[in-house]
Amino acid sequence: MKSLWNEADARAAVARYAPSGVGEDLALRTYSARLLGADPTLVLHGGGNTSVKTTARDLFGEEIVVLCVKGSGWDLATIEPAGHPAVRLAPLLRLRALESLTDEAMVNVQRQNLMDTAAPNPSVETFLHAFIPEKFIDHTHAMAVLALANQPDAQALIAEIYGESVACVPYVMPGFALAKAAAEAFETRPGLEGLVLINHGLFSFGTTARQSYERMIALVSLAEAFLAKGYTPVGARPNALSSPSAADVLPVLRGVLAGGADGRWPSRWIFDCRATREIMTLVDDPRLGEWAGTGVATPDHVIRTKRHPLVLPGPNQDLGTWRGEARRTLDAFVESYESYFARNAVRVSAGKVPLDPLPRVAAIPGVGLVGVAPGPSSVPGRRLWVRRP
Ligand SMILES: [Zn+2]
């Protein structure tokens, strides 16, 4: 992985944003956040976030130290200065003395300290960015780092690759507790260049935007080089099944999902079926069920894909029989999701609301991976309007 930092482009960003009152710190923050966002192997579907500590002026003209941190709803690839809303830093730092803080209280206090109350909610990882006393902080869910950080012996692997320059943070759900754990790991060793969050991702930091960004690239490159030495990607296998086409199978799956609704959940679904060489290698492998059961690569994915895909049996020409098998597989998925929710809702802060228990990704041998989303007409209170010609 190569650094894409270009000094002329960085200066051009500073010059471009200056007329609208954006200072150099935030301009360079925006520039390098976009460099990270442009590489899907770093941010895995919109994941990751970035920040800079700088100053702003209040209505009295007094200078205030603020944390400009990525706001929700912004994509790093296309982020603008407004995508890093400024939050007063001192009140956030004072809260570190608290034992715990619920997600709801955290969002509330972050909003209370926004310089612009119309700004989007700062990232769920805002406190982590606040507690680490470095000027620029870059955070990604880099694929190469996750391939190592998601291993059972991740700590040893990370130590072998990075030595003293990176510390590990054991898995904690993103939020206040994770921010405290990361700050403690940061403080154990002076001169750190980054933190690996087990089962989550990588943080790098620096005194300049360039240093923080280039440390990220260097750390991910080391992970890539390590993987290239010791691991071979799963090779492509010829498709062993003579399957019916996606056009035959997907309408049956749509019916199965609609039938699972019982009026309680959305009944209309939109599919996005993909069947690249890598995807077919995955779905046609006998170890598909085992791999699908290992869980997602980062906490972010749980929101979008649920914790597991629905692994369906490979369809043969008898789609009537397959429909019954798919139905039973879906029932088991629903039951497993509901018990998973019940088990974990009692462990974490109160007031968790279950999502519908249906899958967001289905893996079908011989067919591919299917992204699943509720169609507009099935979301209560919304209608699909079609403009007449
Ligand atoms: Zn993250």
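The values are calculated or read from the model by the stated rules, or taken from the named source; none is laboratory data. Owing to the predicted nature of the structure, the values given are computational and were not obtained by experimental measurement. Glycine gets a Cβ as well: all are built from the backbone with ideal geometry, and neighbour counts include every protein chain shown. Note: accessible area is taken over every heavy atom of the protein model, side chains too, but ligands, DNA and RNA are not part of it. Shrake-Rupley method; radii C 1.70, N 1.55, O 1.52, S 1.80 Å.
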What length, rounded to one decimal in nm, is gained on full extension from L355 through to D248, with 0.36 nm per residue of separation minus their alpha-carbon distance? 35.6 nm
Given a cut-off of under 8 Å on Cα pairs at least six residues apart, what relative contact order in percent is computed for region 1-138? 24
Could you compute the FRET efficiency for A97 and A345, with r as their C-beta to C-beta distance and R0 at 22 Å, rounded to 0.05? 0.20
T78-A38 pseudo-label distance in nm [points 7 Å out on the Cα-to-Cβ vector]: 1.6
Restricting to Cα pairs under 8 Å and 6 or more apart, the percent relative contact order of region 35-78 works out to 43
Hey, what do the phi angles of region 311-318 turn into as Karplus ³J(HN,Hα) couplings, whole Hz, using 6.51/-1.76/1.60 and θ = phi - 60°, x for Gly and Pro? 9, 9, x, x, x, 10, 5, 8
For K70, counting only lysines whose alpha-carbon sits under 30 Å away and dropping same-chain residues fewer than eight positions off, the answer is K2, K53, K135, K180, K306, K352
Which residues among region 90-111 fall inside the zone where the amide N is under 16 Å from a point 7 Å beyond the Cα of A177, along Cα→Cβ? 98-106
Taking R0 as 22 Å, what's the FRET efficiency between S20 and M115 from their Cβ-Cβ distance, rounded to 0.05? 0.90
For the residue pair T281 and Y231, what label-to-label distance in nm results when each label sits 7 Å from Cα along the Cα-to-beta-carbon direction? 1.3
Take the solvent-accessible surface of the protein heavy atoms, probe 1.4 Å, and return the percent of it on region 11-82 that carbon and sulfur atoms account for. 59
Quick shape check on region 1-136: root eigenvalues a ≥ b ≥ c of the Cα gyration tensor, a/c under 1.5 is rounded, otherwise prolate if a/b tops b/c, else oblate, and it reads oblate
Here the relative contact order (percent) of the chain, from C-alpha pairs under 8 Å and at least 6 apart, is 14
dims of region 149-214, Cα set, principal axes, largest to smallest, nearest Å -> 33, 29, 20
What does the helix-only formula give at 222 nm for the chain: each DSSP H stretch with n ≥ 4 adding -39500 (n - 2.57), the total divided by the residues, and the result rounded to the nearest 500 deg cm²/dmol? -12500 deg cm²/dmol
Leaving out ligands and nucleic acids, and using a 1.4 Å probe, what accessible area per residue does the chain come to in Å²? 50
Take the Cβ-Cβ distance between E184 and N316 as r, set R0 to 45 Å, and report the resulting FRET efficiency rounded to the nearest 0.05. 0.25
Counting only protein heavy atoms with a 1.4 Å probe and every protein chain in place, the carbon and sulfur fraction of the accessible surface of region 135-204 in whole percent equals 57
Built amide H within the under 5 Å cut-off of L310, gap 5+: R360, V361, A362, A363
Residue-ordered couplings for region 286-301, obtained by feeding phi - 60° into the Karplus form 6.51 cos²θ - 1.76 cosθ + 1.60 and rounding to whole Hz (Gly and Pro as x), are x, 8, 3, x, 5, 5, 5, x, 6, x, 7, 6, 9, x, 3, 5
